[in-house]
Structures are given as C-alpha cells and as structure tokens.
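J.: Here you go, one structure.
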Amino acid sequence: MGDVAKDLTAGTVGGASQLICGHPFDTIKVKLQSQPVPLPGQPPKFSGAMDAVKQTIAAEGPRGLYKGMGAPLATVAAFNAVLFSVRGQLEGQLRSQPGVPLTVNQQVVCGAGAGVAVSFLACPTELIKCRLQAQSALGQSSSAGVTVKYGGPMDVARHVLKSEGGARGLFKGLVPTLAREVPGNAAMFGVYELLKQQFAGGTDTSNLGRGSLIVAGGLAGATFWFSVYPTDVVKSVIQVDDYKNPKYSGSIDAFRKILAAEGVKGLYKGFGPAMARSIPANGACFLAYEITRSSLG
C-alpha cells in the first residue's frame with residue numbers, strides 16, 4: 001500500500017474509535033453551548049453537565065446521548081482520513097530525507113495545514129450534528145426561534161439545501177470552523193510529538209508502548225480544546241441560529257453578544273464535557289491510528 005492509502009486507512013480506524021468513545025460527551029457539550037439564555041429570574045434549562053445528562057436520558061433514553069451521530073459516523077472516515085493523510089503528505093514535504101523524524105515545530109506546521117483541509121468537511125458535518133443535538137434544548141424555548149424538528153441527518157441536510165440558501169447554507173460557520181481547526185490541530189499534533197519524544201527520551205518514538213501513546217494522544221486532544229474552546233462555542237451558536245430571524249450577524253457579533261450577555265463564562269459553556277471527552281476519545285484515536293499504521297508497514 002502507498003503511504004496515502006495507509007494514512008487514509010489508519011485515519012479511518014482512529015476516527016471511528018474517537019467517535020464511539022467521545023460522542024456522548026459531545027452531545028452534552030453542544031446542549032450546554034446552545035441552550036438559550038434564561039429570562040430574568042428563571043434558571044437555565046440545564047444547571048450543568050450532569051443535569052444535562054440526566055434530563056437527556058429521562059427524555060430520550062440512553063440513545064439520546066448518541067443523537068446526531070449519524071452525520072459524523074457517515075463522514076468520520078473521510079474526516080480523519082483527510083486529516084491524517086494531509087498531515088502525512090506535509091510530513092513528506094518537510095522531511096529532509098526518508099525516515100528522519102520531524103521536529104515539534106514541523107509537526108505544528110503539518111497540523112495547521114491538515115486543519116485547513118478538514119475544515120471544509122467538518123463545517124457541514126458539524127452543522128448537521130449540532131442541529132440534531134441542540135433541537136431538544138432549543139425547541140422548548142419560545143425565544144429560540146426554532147420550530148423545525150429534524151428527523152435525522154438527511155432531513156437536516158434537505159431542509160438547509162431547500163430553505164437556507166442551498167449548498168452555501170451547509171457551510172454556515174466556516175470561518176469559526178477554520179479558526180478552530182487550524183490552530184487547534186497545530187497545537188494538538190505539536191504537543192503529541194513533543195510528549196512522544198519526552199516519553200521516548202529522544203526523537204525515535206517507534207518503540208513507545210500503548211500506554212504512552214494513549215497518554216500522549218489524550219493530552220494532545222485536551223490541548224486542542226483548551227486552546228480554541230471559545231471559537232467552538234461561537235461556531236455552535238452560529239450553526240444553530242435561526243436562518244429567517246438570525247440572532248447573530250457573524251462570528252464577531254456572536255462573540256460580542258455572548259460576552260455581553262453571559263460574560264467570559266458564556267464562552268466556556270460545555271467546557272467540562274469537552275475536556276472530559278477529549279482525553280479518552282483522542283487517546284483512543286491516536287492509539288488506533290498508530291497501531292493500524294504500524295500494522296500496514
């Protein structure tokens with residue numbers, strides 16, 4: 001197999017592992033991010049992450065935690081295949097000669113480049129996912145302006161294509177998606193390489209054990225979210241915003257309005273579930289990628 005095919009295959013396996021481990025956490029994160037601001041004197045719909053879990057299970061059963069997984073499951077292969085294959089191709093361009101390990105700074109560059117590529121796939125996928133995850137929270141608020149109930153990923157896509165400007169509607173939130181994926185992946189792959197080299201005691205990381213790979217991958221994923229989380233909040237509120245009566249005119253407007261209405265903590269809604277998800281999900285992703293990639297030669 002060629003290097004691209006190997007990266008595509010390993011990225012697919014890694015992405016599937018990440019999704020299965022992390023989707024329930026992601027559902028709670030999006031629900032907390034997108035719940036409407038309560039009226040004066042009224043409590044928020046969800047008081048915190050555990051309350052969101054309890055309400056979701058009570059209303060929808062355990063399957064509710066996996067709501068919206070159809071869209072990312074259908075595209076997770078493509079998403080992670082693009083991420084890891086673009087990164088692999090950039091590694092080849094930056095490597096001075098075959099087999100020579102890249103520096104941490106070079107991995108940062110590779111991660112940023114891969115982030116640009118995956119943004120164009122992540123944006124429509126996450127718009128569909130966020131609509132499905134958030135609709136139960138938004139639908140119960142008359143101020144949310146959301147009356148459409150989606151039956152599934154394809155129903156969301158059909159509605160957006162028909163009623164929200166065609167294909168362009170699926171790319172609502174592309175700017176904050178790029179602002180998340182480019183620096184986030186730069187940080188993630190840089191930290192992943194740094195930790196692997198620290199654990200290995202040098203630049204040769206080929207003999208690291210599975211435990212070290214899980215820890216390095218988990219902490220690298222946590223770095224991703226820690227570095228770009230407010231951007232993800234902005235992306236989520238824009239993607240679930242009502243098309244006919246929008247609350248936000250763009251990313252900067254959303255940032256300012258969240259800050260004005262809720263303060264800095266409004267930019268970190270759902271941060272706990274995101275961080276709780278990132279460590280096991282990314283640990284699983286990187287471990288699965290490394291094992292698959294190594295087995296392919």
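The values are calculated or read from the model by the stated rules, or taken from the named source; none is laboratory data. All values reported here derive from a predicted model rather than from experimental measurement. Here Cβ is always computed from backbone atoms with ideal geometry, including for glycine, and neighbour counts include all displayed protein chains. Quick note on the areas: whole protein, heavy atoms, side chains included, nothing else; ligands and nucleic acids left out. Shrake-Rupley method; radii C 1.70, N 1.55, O 1.52, S 1.80 Å.
J.: Answer with one residue from MET275, PRO246, ASN207: the one whose Cα lies farthest towards the positive end of the charge dipole of the chain, charges on Cβ with Lys, Arg +1 and Asp, Glu -1.
T.: Value: PRO246.
J.: Okay, moving on. Kindly provide the helix-only [θ] at 222 nm of the chain, computed as the sum of -39,500 (n - 2.57) over DSSP H runs of four or more divided by all residues, to the nearest 500 deg cm²/dmol?
T.: So the helix-based figure for the chain works out to -24500 deg cm²/dmol.
J.: Based on alpha-carbon centroids, what's the gap between the range 161-207 and the range 224-286 in Å, whole number please?
T.: Centre-to-centre (Cα) distance: 15 Å.
J.: Would you work out what percent of the accessible area of the range 72-262, with all protein chains in place, is carbon or sulfur (probe 1.4 Å)?
T.: C and S atoms contribute 60 percent here.
J.: Only Lys, Arg, Asp and Glu count, each charged at its Cβ (+1, +1, -1, -1), so figure out the dipole size of the chain about its Cα centre, rounded to 20 debye.
T.: Magnitude of the dipole: close to 700 debye.
J.: Still on this structure, I have one more. Post the alpha-carbon centroid distance, the range 12-26 to the range 38-88, in whole angstrom.
T.: Result: 11 Å between the Cα centres.
J.: Percent relative contact order of the range 1-117, based on C-alpha pairs within less than 8 angstrom and at least six residues apart?
T.: After rounding, I find 34 percent.
J.: Return one whole number: the accessible area per residue of the chain in Å², for a 1.4 Å probe.
T.: 45
J.: Can you give me the angle between helix 3-34 and the longest principal axis of the chain, using Cα atoms only, in degrees from 0 to 90, rounded to the nearest 10?
T.: Value to nearest ten degrees: 30.
J.: Using alpha-carbon pairs under 8 Å, 6+ residues apart, how would you state the relative contact order of the range 72-262 in percent?
T.: 25
J.: Now, a different point. Anything over 28 Å Cα to Cα? Flag those among LYS149/LYS257; LYS54/LYS265; LYS54/LYS244, in the order listed.
T.: Numbers: LYS149/LYS257 26 Å; LYS54/LYS265 22 Å; LYS54/LYS244 32 Å.
Correct reply: LYS54/LYS244.
J.: Quick one: ranking ARG158, ARG95 by accessible area, 1.4 Å probe, largest first, what do you get? Mind dumping the intermediate values first?
T.: Working: ARG158 140, ARG95 75 Å².
Per-residue accessible area, sorted high to low, gives ARG158, ARG95.
J.: Grab the alpha carbons of the chain, take their convex hull, and tell me the volume per residue in Å³.
T.: 130
J.: So, one more: Using θ = phi - 60° and the Karplus form 6.51 cos²θ - 1.76 cosθ + 1.60, what ³J(HN,Hα) does each residue of the range 231-239 get, whole Hz, x for Gly and Pro?
T.: 5, 5, 4, 4, 4, 5, 5, 5, 6
J.: Which Cα, out of VAL76, LEU127, SER294, lies furthest along the positive dipole direction of the chain (beta carbon charges, K/R +1, D/E -1)?
T.: LEU127
J.: Suppose every K and R has +1 on its Cβ and every D and E has -1 on its Cβ; what is the size of the dipole of the range 143-297 about the Cα centre, in Debye to the nearest 20?
T.: Details: 17 positive and 11 negative charges, 90 e Å.
Result for the range 143-297 is approximately 440 debye, rounded to the nearest 20.
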